[in-house]
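Each remark here refers to the structure printed beneath this line.
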């Protein structure tokens, strides 16, 4: 009886604690959105979804001007994004059916609720990355990582803009986690829900599908196809003429994308040979990924995690326009480096990891503050790739026990 009372008390305390935390976050976010404009990515999703369910029209063209007015207060100017929805209609339907924000009519309240959801997702991403690495940091260290994961530049900026990249990161790395427990259909379904923003997550989704197919785990592909076809059929049922407007929106956003690429950076630095250098970099990175994807076939999930981390880090170097908030996908890669350093080099490794965390945190914020796009598109990804190769030998192999070392010494 005493045990049951203690359990009930714990449950009640947990519920009140969570309500208090979420209520505090909502209050803080409401004050934030009333004092500072932003949320461009959120408003595109929210207004497009509401337009579809209230008017039934395809939200790829007729909302462009009104979205620009909502985000910028004026029409898009040179150097600003068009803010045209470029999400497939079947994925928009997923948010229509399962997201609570579309029932909220007030734009600022809806944005504040969305920010709370993204903040919770960032916290879940930290726990997910720690779980994938089979790491058990102390409470203080875990709290430090939690603060870093929420407040580093890509994370906080993704909350500010209302980007879906955090949700996509959860789906991709969550799929890796459920693959480890054999829930293959669920992993495929999660990958299907991450299948937008191809520039950001396309290679990661293809890598996981490639790895599962090479391992003969066809149920992953079955789950992926089933979810995709189900929502695609629903989208055709609601509107049969969305494909061409969607393709037009993707092309328009691509052409007008103001974000830097390796091509624009190299051409700005070295106009005569910049394009050739960028092409050479793209070729080298592509060959590197092909080699590592071939190497991961048939290997264990730990090797797959390292290859996924490398793929996420290398994506900005392939020459496509890359948004800084998409670097949220590299958080597990950074954590993989940090954990390997600590596990292999003890106290020195922990202090080195803390120094790397601080350098990354302040370096990325300084780059954002001074609008140094090369840090997000070139320097940080290249540095992370270097660190991933530095720890590769330890990262792709399971930790060795002292008994194994003693056994090897005796041979």
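The values are calculated or read from the model by the stated rules, or taken from the named source; none is laboratory data. Only a predicted model underlies this, so the values are computations on that prediction, with no experimental measurement involved. A quick note on method: Cβ atoms are made from the backbone with ideal geometry, for glycine too, and the neighbour counts reach across all protein chains shown.
Please find, within the range 55-75, the residue that is surrounded by the fewest Cβ atoms within 10 Å (Cβ to Cβ) out of those that are modelled with pLDDT of 70 or more and in a loop (DSSP other than H, G, I, E, B). Filtering first and then ranking leaves 56. For the range 199-212, the criterion of being in a helix (DSSP H, G or I), surrounded by fewer than 22 Cβ atoms within 10 Å (Cβ to Cβ) and over 19 Å from the mean Cα position of the chain (by Cα) is satisfied by at least one residue. Of all the residues in the range 20-38, those that are in contact with a helix residue (DSSP H, G or I) (Cβ under 8 Å, 6 or more places away or on another chain) and in a helix (DSSP H, G or I) number 8.
For (1) assigned to a helix (DSSP H, G or I); (2) at pLDDT 90 or above, each residue gets a yes or a no:
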| residue | (1), (2) |
| --- | --- |
| 363 | yes, yes |
| 380 | yes, yes |
| 388 | yes, yes |
| 393 | yes, no |
| 397 | no, no |
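When residue 308 is tested against (1) under 22 Å from the mean Cα position of the chain (by Cα); (2) more than 16 Å from residue 386 (Cα to Cα), exactly one condition is not met: (2).
Taking the range 76-152 as the region of interest, the helices (runs of 4 or more DSSP H) fully inside it that hold 2 or more residues being within 23 Å of residue 235 (Cβ to Cβ) and either free of Cβ contacts under 8 Å to residues at least 40 places away in the same chain or in contact with a strand residue (DSSP E or B) (Cβ under 7 Å, 6 or more places away or on another chain) (or both) are 89-98. Of the residues 196, 231, the single one that is touching a helix residue (DSSP H, G or I) at 6+ places or on another chain (Cβ under 7 Å), closer than 25 Å to residue 45 by Cα and not in a helix (DSSP H, G or I) is 196. Every condition in (1) at pLDDT below 95; (2) farther than 28 Å from residue 89 by Cβ; (3) part of a helix (DSSP H, G or I) is met by residue 310 except one, and the failing one is (1). Scanning the range 244-273 for residues that are touching a residue at least 12 places away in the same chain (Cβ under 8 Å) and either assigned to a helix (DSSP H, G or I) or in contact with a strand residue (DSSP E or B) (Cβ under 8 Å, 6 or more places away or on another chain) (or both) yields 245, 246, 248, 249, 250, 252, 253, 254, 262, 263, 265, 266. Here residue 388 does not qualify as within 25 Å of residue 164 (Cβ to Cβ) and touching a helix residue (DSSP H, G or I) at 6+ places or on another chain (Cβ under 6 Å). Of all the listed residues (158, 163), the sole one being out of contact with any strand residue (DSSP E or B) (no Cβ under 8 Å at 6 or more places or on another chain), modelled with pLDDT of 90 or more and not in a helix (DSSP H, G or I) is 163.
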